[in-house]
Amino acid sequence: MARTYLLSTALILICAAFCFADDDEQVYHERFEYDPATGEWTEVAPPIPGTEEGDLALARSLLARGRYDDARDAFEDWFETWPDSDRWAEALFYAAETEILAVEQKPKGGNIMKAYEWLEEVLQGWPGTDLADRALRKEMIIAELLLFKDRKQKIWGGMLWLSGKEEALQMLDRIIDQWANGTPIAEQALRLKADYHYINGEFEEAELSYARLVREFPRGRYHKIAMLRSGESALARFPGVEFDDADLLEAEVYLTDFQTRYPQDAADRSVPQILSNIRERRAEKEYRIASYYERTNKVDAAVYYYRYIEENWPATIWAVEAHNRLVALGAVPLEITEEELQAAGYSYEPYEAYEDEAAYSDAESEAAESVTLSEEEQGE
């Protein structure tokens, strides 16, 4: 049935495209439409100029033929002539489509913001109808044209053409939160918004949008890519080991979840290597803190952090470095005897900062409270 309906619709549009003779726009050729119930083609009566239905059909025929300037004039005349028509929503929709197609064909060929106003009128005046659903999809096209195809909004009758990217993002927000919340159309709008931020390096906004996509559409068609890009966006936001590592933690959570759920895709996208790099960077950050404490003679805190690195990131190069510093500080047993060390010309003094386990726990707590260093301190 669906294929039959699509076929009949396509043939109607083809017939409509040739409903006028090229040299005489008032000559309307006969057309037919397919009736699925009877399986037969029936002739459609030609529109009668000067009538509500006839003038609208003639305007739509101009649209179907790609004569957008003529179609625009025809719709404008129709609005002026039939302001109380029951087919007002239909006219608004096709007038908006005229502007959208004109802009798709030529960057300054139409008024894309006027089209949006008409579509919003359809949504507000005829909610829940088939035309309203189609209007939402047309608004998505407008947002895509403004965000990704560098179309502009017409100002002062075309004296100025300005960017409409902020307006496009607002359009998507209205679709997501107001007109189609929780629906596949909202899911698509949210993906479009997230992609725009991601492509333009706006990773904080991208992460928020992708994370929302994961949260609100857990079984959606974009769940996989949204999980991956949530992690990539969080990682891209991390400014360096001198700063807070909250972004690294978020990236690790997102990418670990992605690897667990989609192991093959994770392997194809080098996610295991990315996670390894994240662990190295987190360990490096803690190592820098430990080194700072050691340089400022706060040995207890330094030992705490060196041990913390060994316990949490044992497979990193920073765990090896931390172990070496613990040995140098006398905080771990030597792997050779004291006599062998002295024979090699070195002295060894065991680390005796803590007389009992309770004192060591107190030192751990004190060091943990000092985890965040000021930039001035780190620069010393």
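Every read-out reported here was derived from the displayed coordinates using simple, explicitly stated rules and does not represent laboratory data. Everything quoted here is computed from the prediction, not taken from an experiment. Counting neighbours? That spans all protein chains shown, and the Cβs are built from the backbone with ideal geometry, glycine included.
All other residues whose Cβ lies under 12 angstrom from that of Leu56 are scored, Lys and Arg at +1 and Asp and Glu at -1, for a net of -4. Exposure proxy shown here: for Arg279, Arg151, the number of other Cβ atoms within 10 Å sets the order, fewest to most, as Arg279, Arg151.
Each Lys or Arg adds one and each Asp or Glu takes one away; over the other residues whose Cβ falls under 15 Å from the Cβ of Ile199, this sums to -3. Shown for Lys149, Lys298: other C-beta atoms within 10 Å of each C-beta, ranked fewest to most, produce the order Lys149, Lys298.
Karplus-based coupling profile of the range 74-85, in residue order and whole Hz: 5, 5, 4, 4, 5, 4, 6, 7, 10, x, 10, 5, with θ = phi - 60° in 6.51 cos²θ - 1.76 cosθ + 1.60 and x standing for Gly or Pro.
Tell me, what is the FRET efficiency for Gln178 and Asn297 to the nearest 0.05, using R0 = 56 angstrom and their Cβ-Cβ distance as r?
Values: r = 61 Å, r/R0 = 1.08.
The calculated FRET efficiency here is 0.40.
Counting neighbouring Cβ atoms within 10 Å and putting the fewest first, the residues Phe79, Phe217, Phe243 line up as Phe243, Phe79, Phe217.
Computed over neighbours whose Cβ is under 9 Å from that of Arg87, the net charge equals -4, Lys and Arg +1, Asp and Glu -1. Placing R0 at 56 angstrom, the Cβ-Cβ distance between Asp130 and Ala328 gives a FRET efficiency of 0.15 after rounding to 0.05.
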